[in-house]
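Following: one structure in structure tokens, then a few remarks.
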Amino acid sequence: MLTCIIRYEIEPTQRADFVTYAQTWNTAIPRCGATLTGYFAPHEGASTVAYGIYDIPDLAAYETYRTKLAADPLGRENYAFAQERRFIRREDRLWLRRVEG
């Protein structure tokens, strides 16, 4: 199992837009094949850093998931919302594998 951690740099005055964006992914991501841990918006401290975290079995499953998400009406709508509102300054993905035992 792989864990993808998406680190977002967001506009601090548009946190509400990021929350709306994250809430939409709470529906779209699981139905497209990933196990969503959750989205995390700024609360205290840094007001520009947010995270999205999900698990996927392997990189092949990730490619299938990305294809489904790109075709999903809610996914397309959410991507368009982010592009239109421009509340995401930067988005970085980090792939980790859980250490067991």
Taking the stretch 42-63 and keeping only residues that are in a loop (DSSP other than H, G, I, E, B), open to solvent by 40 Å² or more (accessible area, probe 1.4 Å) and touching a residue at least 40 places away in the same chain (Cβ under 8 Å), one is left with Pro57, Asp58
Identify, please: which residue in the stretch 68-96 is among the charged types (D, E, K, R) and assigned to a helix (DSSP H, G or I) and is, among those, nearest to Tyr8 (Cα to Cα)? Arg85
Would you say Tyr21 is of a type in the set (Phe, Trp, Tyr) and under 16 Å from Ile5 (Cβ atoms)? no
Pairs, first under 12 Å from Ile5 (Cβ atoms) in the stretch 88-101, second among the aromatic types (Phe, Trp, Tyr) and surrounded by 10 or more Cβ atoms within 10 Å (Cβ to Cβ), C-beta under 9 Å, six or more apart: Glu91/Tyr8; Asp92/Tyr8; Trp95/Tyr62
Among the residues of the stretch 4-32 satisfying the criterion of being touching a Ser or Thr at 6+ places or on another chain (Cβ under 8 Å) and open to solvent by 50 Å² or more (accessible area, probe 1.4 Å), which is nearest to Tyr54 (Cα to Cα)? Glu9
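Determine which member of the set Glu84, Glu44 is modelled with pLDDT under 95 and over 30 Å from Glu100 (Cα atoms).
Unique residue meeting the criteria: Glu44.
The values are calculated or read from the model by the stated rules, or taken from the named source; none is laboratory data. Predicted model only: the values in this text are computed from it and were never measured. Please note: Cβ atoms are built from the backbone with ideal geometry, for glycine as well, and neighbour counts cover all protein chains shown. Side chains included, ligands, DNA and RNA excluded: accessible areas come from the protein's heavy atoms. Shrake-Rupley method; radii C 1.70, N 1.55, O 1.52, S 1.80 Å.
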